[in-house]
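Read through the structure below, which is laid out as structure tokens, and then see the notes.
The values are calculated or read from the model by the stated rules, or taken from the named source; none is laboratory data. This structure is a prediction, so every number in the text was calculated from the model and none was measured. Quick reminder, even Gly has a Cβ in these numbers, built from the backbone with ideal geometry, and neighbours come from all protein chains shown. Surface areas here come from the heavy atoms of the whole protein model, side chains and all, with no ligands, DNA or RNA. Shrake-Rupley method; radii C 1.70, N 1.55, O 1.52, S 1.80 Å.
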Amino acid sequence: MKKIICAVLMTTMLFCFAACGKQEAPHTEGNSSSEVVYETEDLNKTLDFDFDEQVIYESKNIRVTALSVLSINPGIQFKIENLSDQTLSVAPENNGFIVNGLVVESNASPCRIEPHAEANMEIQMLEHFLRFSGIEKVQNVVMNWRADTEGASFSDPPFESLHDMKLASKTLGDDFTQEFKTGEKVVYEKDGVRITYIGKDAYEQNGTVDCMLFSVENNSDRDISLFANKISVDGKAYRSDTQQNDGYAPKTKGVLFVAAFAADSGEEVRFSGKASLELSLVSAKPSLTREAFTFETTV
């Protein structure tokens, strides 16, 4: 059912790519670096993020080792060992990390690994998600991954679920707690899902892009995804770009932000005036549902 949601969102989601260097075990050379480079200087140092090399998951089929913090962007290099006799595709579920209890988008994409081989996989946390979420120190990271056999559909049961993989920072104490910023204007509240409008913000992506920032709290027992159908500023319609995670798993929370672009030129729109936004909430439980709602404000 997840595949169906992803297909619905494909035209509005922004995808990046993770580096995945395949190798024959036991060698660890040959991985390539991602080309995504952010303008924030030395984010890992700013975030106090460091850890010792550690195995975070091991079964008869798969072993995942967290190797090191990436030197350029806030993220982690992993070694994934396929101990099985089948070719596997390994990828994070919900396309991201849970950092300090908040969902943060990453540049993850599936990594294909031959039987009894290994691959290095670099996954980066997207800087603007960290900033918009108010994360100044990375205390802990939790990841939920899945492994599928070659040719399997994402809607099929996974070959193996790699859930609750925890990676703790060695530079911070256990008493650190992360506050989650929410807005005062409730946009949507129903069946355990609460969305509030925080305000106008901006992020860097080939220049400064204005966006409308929201908080999303999913206290339900279902996976949800959100995307923008329509957006207009002072009555003029634009193409919308929804930035979020691949979805919000049950009992998670995170940010959502929406930018507007001119349909003809693709240039970003600076928000100033009255904005009208139509969002859709998609859920796969108990059946595939899609609910649209409209939000208006002055930005």
Next item on the list: Determine, for each peptide in 59-69, 219-229, the mean count of other beta carbons within 10 angstrom over its residues, then list the peptides with the highest first.
Entry: 219-229, 59-69
Next item on the list: Compute the FRET efficiency between VAL299 and SER68 as 1/(1 + (r/R0)^6), taking r as their Cβ-Cβ distance and R0 = 51 Å, and round to the nearest 0.05.
Entry: 0.80
Check: Using a cut-off of 18 Å between alpha-carbon atoms, which aspartates and glutamates can reach LYS181, once sequence neighbours fewer than 8 places away in the same chain are excluded?
Finding: GLU105, GLU127, GLU136, GLU189, ASP201, GLU217
Margin query: Could you compute the net charge surrounding LEU281? Neighbours are other residues with a C-beta less than 14 Å from the C-beta of LEU281; K and R count +1, D and E count -1.
Written below: -1
Next item on the list: Collect residues whose amide H, placed 1.01 Å from N in the peptide plane, falls under 5 Å from the amide H of LEU70; neighbours closer than 5 in sequence don't count.
Entry: GLY75, ILE76, GLN77
Note to self: Using a 1.4 Å probe on the protein heavy atoms only, what accessible surface does THR297 show? Give it in Å² to the nearest 10.
What the structure shows: 20
Next item on the list: Using only the alpha-carbon atoms of the range 223-299, report the extent along each of the three principal axes, biggest first, to the nearest angstrom.
Entry: 38, 23, 19
Notebook entry, point to check: At a Förster radius of 25 Å, what calculated FRET efficiency corresponds to the Cβ-Cβ distance of GLU267 and LYS181, to the nearest 0.05?
Noted result: 0.30
Next item on the list: Note the direction-averaged projected area, equal to a quarter of the hull surface, for the Cα convex hull of the range 53-127, in nm².
Entry: 5.1
Notebook entry, point to check: What's the Kirkwood radius of the range 152-299 in Å, using all Cα pairs?
Noted result: 17.2
Checklist line | Cα-projected label distance for LYS166 with ASN229, points at 7 Å along beta-carbon direction, nm | finding: 4.2
Notebook entry, point to check: Using alpha-carbon pairs under 8 Å, 6+ residues apart, how would you state the relative contact order of the range 183-299 in percent?
Noted result: 24
Check: What's the local net charge at ALA263, with K and R +1, D and E -1, over the other residues with C-beta under 13 Å away?
Finding: -1
Checklist line | Histogram of C-alpha separations across the range 134-225, 10 Å bin width, % | finding: 12, 24, 33, 28, 3
Checklist line | Over 26 Å (Cα to Cα) - which of LYS60/LYS251; LYS253/LYS285; LYS60/LYS285; LYS60/LYS253 fall in this group | finding: LYS60/LYS251; LYS60/LYS285; LYS60/LYS253
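If each residue of separation counts as 0.36 nm, what is the full-extension length gain between GLU204 and GLU136 once their alpha-carbon separation is subtracted?
22.7 nm
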